[in-house]
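Heads up: the structure comes next, in structure tokens.
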Amino acid sequence: MPSVAFNHLQCPIEGEALYPSEHGLSWSCSNGHSFDVAKQGYLNLLPVQQKRSKDPGDSKAMVSARREFLNSGFYQPLAKSIAEEVLRYAEQQNTSAKNPLRVLDAGCGEGYYLRELVESARTDYLSVAGFDISKWAVLSAAKQGVDAENTVRWFVASNAQIPVQDASVDVVLCVFGFPVYPEFLRVLKPGGLLIMVDPGQKHLRELREVIYPDIKPEKPEKPHPEFFHVQPPLSVNYALTLESAAEIKNLLAMTPHLFRAPADGKQRANALNELTVTVDVNIQPLRKMIAKGIQTTFE
Ligand SMILES: C[S@@+](CC[C@H](N)C(=O)[O-])C[C@H]1O[C@@H](n2cnc3c(N)ncnc32)[C@H](O)[C@@H]1O
Ligand SMILES: [Zn+2]
């Protein structure tokens, strides 16, 4: 597997470059800040002062529900489309061992989409990193590994302050995430690709019909962020049949509906043994403009 370690990290305290120690057991900056690699292989780059709560992001239970659900392959067609989008871009970039395609998954959860990308990219030169604000998510990602050499860099961090060097990344993935566009712009190279993956209007409609008395009216589309060129969107649509109460419970536990839904709605969902849901997901690629504010075209 010709993948190259992702080393373009920066110190979350003052932003200087971070360098790994000789044996890779810690990373430090020129100002003397040092971060130990956990025994499972991930880095914690979220200083206490940047945490808004004691245990931010998805809980251990949500992460484990998502891991079980995704590892059952229910969103595999989505993972395949995301990987294809990244690899199409890689083909245009003349990647090599010296010039690998650097991919950063912002809010990577337990790492499913990066694992699928690395798996499907056996012949491409990739340098891959994923981070999440949830320590449970990153721990789960690191434990599941990806390839024999374990070259994917996993770290705990927030989209609000990404500890990655300016203009060092070719592709940012934001899958069902919480985008902070100025940070995505900062870490992307000029012309780099941001892939936004978000639920479409019909996504999990049947589950929502079970848990809410009335389905909320459709939200107006959000405007596209500034300083990106909008690329043609893709839509992934299919029907998914869940055949056990455990699968339905996992789906509910990994969505925001777990917190939003009324108790009786959740009870109704948890009493089901079978449910067919619509998967309807939008993939929106956006290219960072070459110079901020200047309209440019790409070959
Ligand atoms: C709906 S989950 C999606 C996870 C993963 N991308 C997937 O689709 O499997 C949203 C993730 O965003 C993380 N998150 C929430 N706020 C964040 C932030 N400010 N920075 C980075 N990650 C964040 C949560 O911990 C959670 O893992
Ligand atoms: Zn520092």
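The values are calculated or read from the model by the stated rules, or taken from the named source; none is laboratory data. Note that the structure is a prediction, hence the values are computed from the model and not measured. In this analysis, Cβ positions are derived from the backbone assuming ideal geometry, glycine residues included, and neighbour counts consider all displayed protein chains.
So that you can scan it fast, the table gives a plain yes or no per residue for (1) under 17 Å from Ser158 (Cα atoms); (2) more than 16 Å from ligand 1 (Cβ to nearest atom):
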position	(1), (2)
Asn7	no, yes
Ile13	yes, yes
Leu45	yes, no
Gln49	yes, no
Lys54	yes, no
Lys60	no, no
Ala65	no, no
Ala90	no, yes
Arg102	no, yes
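From the set of residues in segment 91-117 that are without any contact (Cβ under 8 Å) to a residue 60 or more places away in the chain and over 14 Å from the mean Cα position of the chain (by Cα), which is surrounded by the fewest Cβ atoms within 10 Å (Cβ to Cβ)? Taking the candidates together, the pick is Lys98. Across segment 1-55, the qualifying residues are those that are of a type in the set (Phe, Trp, Tyr) and in a loop (DSSP other than H, G, I, E, B), and the one among them that is farthest from Glu110 (Cα to Cα) is Phe6.
On the basis of being farther than 21 Å from Thr255 by Cα, away from ligand 1 (no atom under 13 Å from the Cβ), out of contact with any Gly (no Cβ under 8 Å at 6 or more places or on another chain) and in contact (Cβ under 8 Å) with a residue 40 or more places away in the chain, does Cys29 make the cut?
It is false that Cys29 is farther than 21 Å from Thr255 by Cα, away from ligand 1 (no atom under 13 Å from the Cβ), out of contact with any Gly (no Cβ under 8 Å at 6 or more places or on another chain) and in contact (Cβ under 8 Å) with a residue 40 or more places away in the chain.
Taking the criterion of being modelled with pLDDT under 95 and hydrophobic (A, V, I, L, M, F, W, C), the only residue of segment 150-174 that qualifies is Val152. Among the criteria (1) within 15 Å of the chain's Cα centre (by Cα); (2) aliphatic (A, V, I, L, M); (3) more than 22 Å from Thr278 (Cβ to Cβ), the one Leu185 does not fulfil is (1).
With respect to Val37, determine if the residue is away from ligand 2 (no atom under 16 Å from the Cβ), β-branched (Val, Ile, Thr) and under 19 Å from Glu247 (Cα atoms).
Spelling it out, it is not the case that Val37 is away from ligand 2 (no atom under 16 Å from the Cβ), β-branched (Val, Ile, Thr) and under 19 Å from Glu247 (Cα atoms).
Residues that are surrounded by fewer than 14 Cβ atoms within 10 Å (Cβ to Cβ), among the polar types (S, T, N, Q) and in a helix (DSSP H, G or I) are absent from segment 58-68 altogether. Among residues of segment 238-259 that are within 16 Å of ligand 1 (Cβ to nearest atom), those with a beta-carbon under 9 Å from a residue that is in a helix (DSSP H, G or I) and polar (S, T, N, Q) at least six positions away or on a different chain give the pairs Asn250/Ser64; Leu252/Asn270; Ala253/Ser64. Looking only at residues that are of a type in the set (A, V, I, L, M, F, W, C) and over 17 Å from Val164 (Cβ atoms) in segment 1-33, which one is nearest to ligand 2 (Cβ to nearest atom)? Of everything passing the filter in segment 1-33, Leu25 is nearest to ligand 2 (Cβ to nearest atom).
Taken over segment 130-143, residues that are farther than 15 Å from Lys51 by Cα and surrounded by fewer than 24 Cβ atoms within 10 Å (Cβ to Cβ) amount to 2.
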